[in-house]
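Note sheet for the following structure.
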Amino acid sequence: MPPRKPTVRIATPRLRTQLDEKTLTTDEVEDEDRLTDLALTDQDLGGLLAEHLELSGCRLTRVNLGGSDLDKLILVDLEIDHCDLANARWADASGTRLAISSSRLTGFAGSGSNLQHVTVRDSVLDFSSFRFAKFVKVEFTDCRLQSADFVSADLTGTVFRRCDLTGVEFSQVTATGAVFVDCTWDGTRGIGSLAGATIANSSPIDTLAVTIAMASALGIKLGDPDDSPEAGS
């Protein structure tokens with residue numbers, strides 16, 4: 001039987017029916033600005049630099065925020081679709097009710113972030129970093145997270161569904177109640193820290209990859225019965 005789909009109730013962003021269309025430039029955004037109820041489409045905000053910026057009730061579509069440095073960013077009720085957040089540095093960000101889809105977060109740095117009620121779908125997060133981040137009701141679906149770094153993150157109850165976790169670092173995470181469904185595990189590190197998590201793979205190949213990674217974490221060598229010495233020899 002296929003693995004039972006985990007039930008995680010994640011609140012969706014609460015946006016007004018009509019949002020204000022607005023065009024912004026990096027020079028217009030300052031520290032502690034509060035941007036609310038906006039629709040930002042096809043805009044280039046690459047390299048944006050600000051502290052304590054707040055975005056609330058906004059929809060971002062095809063917005064370039066690559067290389068932005070937004071310390072202590074506050075995000076509430078946001079839809080982020082087909083956006084570029086590559087190499088963005090959002091340390092100690094706070095995010096509540098976020099829906100991220102079809103976006104590029106390669107090299108994204110969100111260390112120390114606090115994320116609640118967040119969905120991330122069909123996105124690339126290779127080499128991203130979420131060290132010491134806290135996740136509450138967060139789900140990653142059909143995402144690529146190759147070599148992502150979750151060291152010391154709190155993944156309690158987080159769901160990873162059909163995600164590529166090749167080379168991901170999970171050392172010292174808290175993973176009670178976390179669920180991993182049909183993920184790829186080649187070269188995953190720190191898997192021994194996933195105590196309390198549930199791993200469900202319908203593919204025997206992925207199940208074997210989990211077994212190999214777990215055995216490596218525990219210092220167990222997997223051998224072939226034909227290579228074992230026979231009793232009495």
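The values are calculated or read from the model by the stated rules, or taken from the named source; none is laboratory data. Every value quoted in this text rests on a predicted model; they were computed, and no experiment measured them. Virtual Cβ from ideal backbone geometry, glycine too; neighbours counted across all protein chains shown. Only protein heavy atoms, including side chains, enter the accessible area calculation; ligands, DNA and RNA are left aside. Shrake-Rupley method; radii C 1.70, N 1.55, O 1.52, S 1.80 Å.
Could you tell me which of the residues L115, L125 is closer than 21 Å to S56 by Cα and not β-branched (V, I, T)? It is L115.
Taking the conditions exactly as written (open to solvent by 20 Å² or more (accessible area, probe 1.4 Å), in contact with a helix residue (DSSP H, G or I) (Cβ under 9 Å, 6 or more places away or on another chain) and assigned to a loop (DSSP other than H, G, I, E, B)), does G112 satisfy them or not? Before you say what the answer is, go through the steps one by one.
Working: open to solvent by 20 Å² or more (accessible area, probe 1.4 Å): yes; in contact with a helix residue (DSSP H, G or I) (Cβ under 9 Å, 6 or more places away or on another chain): no; assigned to a loop (DSSP other than H, G, I, E, B): yes.
When the stated conditions are applied, G112 does not pass them.
Taking segment 67-94, which residues are over 20 Å from K22 (Cβ atoms) and part of a loop (DSSP other than H, G, I, E, B)? G67, K72, A86, N87, A88, W90, A91, D92, A93 - these are the residues of segment 67-94 that are over 20 Å from K22 (Cβ atoms) and part of a loop (DSSP other than H, G, I, E, B). In segment 95-109, the residue that is least open to solvent (accessible area, probe 1.4 Å) out of those that are without any contact (Cβ under 8 Å) to a residue 40 or more places away in the chain and outside any loop (DSSP other than H, G, I, E, B) is G95.
Here are some residues: T166, T174. Which one is crowded, with 18+ Cβ neighbours inside 10 Å and closer than 17 Å to L115 by Cβ? Can you show your working first?
Working: T166 fails: closer than 17 Å to L115 by Cβ.
Of T166, T174, the one residue that is crowded, with 18+ Cβ neighbours inside 10 Å and closer than 17 Å to L115 by Cβ is T174.
Among residues belonging to segment 19-34 that are crowded, with 16+ Cβ neighbours inside 10 Å and either touching a helix residue (DSSP H, G or I) at 6+ places or on another chain (Cβ under 8 Å) or free of Cβ contacts under 8 Å to residues at least 40 places away in the same chain (or both), point out the one that is nearest to T61 (Cα to Cα). If you could, list the steps in order and put the result at the bottom.
Going through segment 19-34, the residues crowded, with 16+ Cβ neighbours inside 10 Å turn out to be 19, 24, 29.
Filter once more, keeping what is either touching a helix residue (DSSP H, G or I) at 6+ places or on another chain (Cβ under 8 Å) or free of Cβ contacts under 8 Å to residues at least 40 places away in the same chain (or both): 24, 29.
Details: L24: 13, V29: 18 Å.
Among those that are crowded, with 16+ Cβ neighbours inside 10 Å and either touching a helix residue (DSSP H, G or I) at 6+ places or on another chain (Cβ under 8 Å) or free of Cβ contacts under 8 Å to residues at least 40 places away in the same chain (or both), it is L24.
Scanning segment 192-219 for residues that are under 20 Å from the mean Cα position of the chain (by Cα), open to solvent by 50 Å² or more (accessible area, probe 1.4 Å) and either among the aliphatic types (A, V, I, L, M) or at pLDDT below 70 (or both) yields A195, I199.
Pick from segment 9-48 the residues that are basic (K, R) and in a loop (DSSP other than H, G, I, E, B): which of them is modelled with the lowest pLDDT? Give the derivation first.
Step one: filter segment 9-48 for residues basic (K, R), giving 9, 14, 16, 22, 34.
In the following step, the residues that additionally are in a loop (DSSP other than H, G, I, E, B) were identified as 9, 14, 16, 22.
Values: R9: 87, R14: 96, R16: 94, K22: 93.
Applying the filter and picking the extreme gives R9.
Give me a count of the residues in segment 137-194 that are among the hydroxyl-bearing types (S, T, Y) and at positive phi. Spell out the reasoning first.
The first filter runs over segment 137-194 and keeps only residues among the hydroxyl-bearing types (S, T, Y), leaving 141, 147, 152, 156, 158, 166, 171, 174, 176, 184, 188, 193.
Retained after the next criterion (residues that are at positive phi): 147, 152.
Of the residues in segment 137-194, 2 are among the hydroxyl-bearing types (S, T, Y) and at positive phi.
From the residues in segment 129-162 that are among the aromatic types (F, W, Y) and over 14 Å from T106 (Cα atoms), which one is surrounded by the fewest Cβ atoms within 10 Å (Cβ to Cβ)?
Restricting attention to segment 129-162, the residues satisfying the condition of being among the aromatic types (F, W, Y) are 130, 132, 135, 140, 150, 160.
Those still in the list that are over 14 Å from T106 (Cα atoms) too: 132, 135, 140, 150, 160.
Working: F132: 17, F135: 24, F140: 25, F150: 26, F160: 25.
The selected residue is F132.
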